[in-house]
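Everything on this sheet refers to the single structure shown next.
The values are calculated or read from the model by the stated rules, or taken from the named source; none is laboratory data. Quick caveat, the model's predicted, so the values are computed rather than measured. Note: ideal-geometry Cβ built from the backbone for every residue, glycine included; neighbour counts use all protein chains shown. Heads up: the accessible areas ignore ligands, DNA and RNA and are worked out on the full protein's heavy atoms, side chains in. Shrake-Rupley method; radii C 1.70, N 1.55, O 1.52, S 1.80 Å.
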Amino acid sequence: MVGSRRRTHVVACGVLALGACALVGAGCRRQPLPAEKPGPSRAAEPLEHLHVLMLNGGGSKAMNYQSHLLHVQQLLDVLLHAGVRPERVSVFSADGPDPAEDLAVREVQPEPEFWLLRGTRLEHQLATPITYANSSVPGVELRAATKDNLRRWFKRAHRALGGRDTLLLYVTDHGQKNRDDPLNNSITLWGPNASLSVNELREFLGVLRPTVRVVMLMSQCYSGAFAHLVSLHPPDPPAGNLCGYFSSTADRPAYGCYPENRGKENVGHSFHFIQALATGRRFADAHAQVLVRDATPDVPLRSSDAYLDDLLRRKATEIGVEPTALVDGLLREAWRDKAAWEPEIRLLDRIGHAFGCFSPRSLAELDAMQVVDITDKLKTYKSAWETSLRSLTGENLDRFIAASIDWKERTQPEQIAALDAAGTRALARALLTDLTAYTDGDATTSRRLEVLRKKTQVAEAASYRMEVRLGVVLRMRAILTAVAGRVYLATRGTPDERAAYDALARCENLDLGPGEGPLPLTTAAVAEPFPPYEDDVRLAAKVLPAWMGIRFKQAEAETREHHHLEAGAAAVEAVYPDSPAEAAGVQVGDVILGPPGAPFKENQQIREWTMLSKIGEPAPLLVLRGDRQLRVTLAPKPYPLQWTTMAGPPKIDAPAPAVTLTAYRGNVPPKLADGSAHLLFFWATYCGPCKASLPEVLAFERERHTQVIAVTDELREQLDTFFKKFDRPFPETVAMDEYRKAFLAYGVSGTPTFVLLDGAGKVRSYATGYTPEKGLGVAGWSWTKPAPAGG
């Protein structure tokens, strides 16, 4: 419980940093939030009957972020200042009263040049470490956030709560998605794999007396699943004693799961909701403000929103139309009297204004924005540029260390591991000073790094803004659907449907009252306004990488040494269909050397060269094919959102793909259609199931008189090492597929894969994976492992 001295302490310490205008924006600065019409109040003096349960499970000390505890402190300040009685507030956080460290505190990376180490082998060793502390809130008795503790609390609440009492259940935590049932997601609790699902919370809430109203306020990932928890006995309709406000839909993470927000405080659903409560006190008003002011990908919604969405989806199914068509038809009816919907229209306008996009009046208009497609493109581009940048920073660091005996010694893993935190930071600063000077002295590399860094930063910023806009589109969709749902209820709904919605609206209308005066506020920082949507669409085109259409690896050391090639020589492992590389005549097994007179000197430099090439402009490349150098001309295409797929597994009874295999040992036939059956056994030296299958594979070869060809994509040196140590029986014929031509032709997605070919070269069976129960997947074949000999 909250101690009696809590209120004085909090005000004196100034825990909160709340501002009248929130983090985001243009919409916040340019026009005030219009007041909604006050809804019906369930109780004239709600604070006399308000009890509060706060939950921050945390999971483990590495996952229990400081921002979660800050949210608890902020909401406590608002509630206590409003007049909530301290003894009626219970806080369950991490390990509770245990004095052990349970809270992760990460310092901001202090060195601005640290980007030169991102993606390199030293990044994690030299990054600012996570520091830990013990969770504490002055004047508050924290309880361990375990399922047993919560169960005991609800049992006591059965006796303590009743009549006109309201329970505010607040969750700031991690959430887990249930892939089998997305409406039964979970809240993370303290301890390994500990969680509380929707169904389990329903069971706990069922302990309370039916007259108790429960209002949930949840900010964890996938919290929208709890928006459907509106009845203790589904499929009974909502009774009006269970409702809530949630940070996102059941299938979307919340703001904290996005890397752009890690380590940040005062962002996201909880912060903005609590800030709005500090100034407005009404939960419905706070929800409306969060829709406009939260510049993260969150999708704030209410139980009533989920109820109307579910209702319209059911009705659309009943009458055989798409839900979008039903909603838009109802919206056309609503807009015949736009004055009646002025608050909703103004809310849509303000959201669009704040996030640089138009204000829609139908779901069809929202779909026309194609935000999902553009978001996916920018995420793909960002990842591609980031990969190229990290490849070059790694090469730059390796060259720097190779040129310095001193730094070669000081950056040995065991040397760094022996340092304390202060020593690690001192080493990082010294290294970055010398590395920066080294990089600046190499004008070519410095220029390449800056280009890649700029491309990465622009793509990253645009990608995140588009992620936010996708969340904004979903916010607008929820508002439009709610308008359509209310039109449906007014014109076509049954009395029970209207009563259920009205009950939810009353439940959601929690009001903290005037309080004991305004909270001491400080002005929150205002984020940069969002650029117009069209600007980010154009920006996506500017950061579009070029694409060649190959999968490659560094050419083997033996090949590079024999032909005197640079380290950047790239062996082609696959050529994608309809790609620029295919059009240029590039083949699997080719070694791409680079442009004439400018060979690739660094591993993976081919990726950077390709991405920065001008789309559609032919460029020459030198290629080594066998012992001959060839010149090809390649015209890069735009980087695809999804690469064209390679061949899948061949169909049963189809001709087997013709491939050429290199014998490691045994007799590899030049053609597979040679009049004899063959079992292709795709395997790997590290594959446990492959080894487990060997007794049955050898039994099949022996009993069916069928040659087994063990095909691997590993190199001769790796096979030499393996067979020197492997002392169990193995098929005599082993074939090498260095460039994975056979793996690709047969669509091998995992090892072991067994492909049975008949004498005419047709596929008779195809199976991937092995267990003794599953066997080889050959029709008509079964095998029982012989019992061990015994006396």
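Over segment 327-475, what per residue volume does the convex hull of the Cα atoms give, in whole Å³?
Value for segment 327-475: 163 Å³ per residue.
Fully extending the segment from Phe722 to Gln457 would add 90.9 nm, taking 0.36 nm per residue of separation and subtracting the current Cα-Cα distance.
What a 1.4 Å probe finds exposed on the chain is 52% carbon and sulfur by accessible area, rounded to a whole percent.
Residues of segment 428-457 with amide nitrogen under 13 Å from the 7 Å Cα-to-Cβ point of Asp406? Residues passing the 13 Å test: 430-435, 438.
Candidate cross-link partners of Lys725 among the lysines, defined by an alpha-carbon separation under 21 Å and a same-chain spacing of 8 or more, comprise Lys691. Extending 7 Å from the Cα toward the beta-carbon at both Glu141 and Gln587 defines two label points whose distance is 8.0 nm. You can think of it this way: the chain between Glu342 and Arg152 has 63.7 nm of extra reach, that is 0.36 nm per residue less the Cα-Cα gap. Look at where the Cα atoms of segment 61-122 and of segment 752-780 average out, and the two centres are 54 Å apart. Any aspartates and glutamates with Cα under 15 Å of the Lys454 Cα? List them, leaving off those in the same chain fewer than 8 positions away. Lys454 reaches Glu113, Glu386, Glu608. Normalising the Debye intensity of the chain to I(0), with uniform scatterers on Cα atoms only, and taking log10 at q = 0.08 Å⁻¹ returns -0.90.
In straight-distance terms, cross-link reach from Lys377 covers every one of the lysines whose alpha-carbon lies under 16 Å from its own, apart from those fewer than eight places away in the same chain; here that gives Lys455, Lys542, Lys637. Were the residues from Thr131 through Leu612 laid out at 0.36 nm apart, the gain over their Cα-Cα distance would be 169.2 nm.
For the chain, the dipole from Cβ point charges (+1 on Lys and Arg, -1 on Asp and Glu) about the Cα centre works out to 1100 debye, to the nearest 20. Between Arg631 and Thr433, the simple spin-label model (points 7 angstrom out along Cα→Cβ) gives 5.0 nm.
Label-to-label distance for Ala325 and His124 is 5.3 nm, based on points extended 7 Å past Cα in the beta-carbon direction. The overall shape of segment 529-664, judged from the alpha-carbon gyration tensor, is oblate: a/c is not under 1.5, and a/b is no greater than b/c.
On a 0 to 90 degree scale, rounded to 10, what angle separates helix 443-491 from the longest Cα axis of the chain? Helix 443-491 sits roughly 50 degrees off the main axis of the chain. The sum of -39500 (n - 2.57) across all DSSP H runs of n ≥ 4, divided by the residue count of the chain, sets its helix-only mean residue ellipticity at 222 nm to -12500 deg cm²/dmol.
For Leu217, nonlocal amide neighbours, meaning residues 5 or more places apart or on other chains whose placed amide H falls under 5 Å from its own, are Leu169, Tyr170, Val171, Tyr245.
Identify the residues of segment 339-358 with backbone N under 17 Å of a label point that sits 7 angstrom from the Cα of Arg538 along the Cα-to-Cβ direction, or state none. Residues passing the 17 Å test: 356-358.
Compactness ratio for segment 71-140: Cα radius of gyration over 2.2 N^0.38 Å (N = residue count) comes to 1.66.
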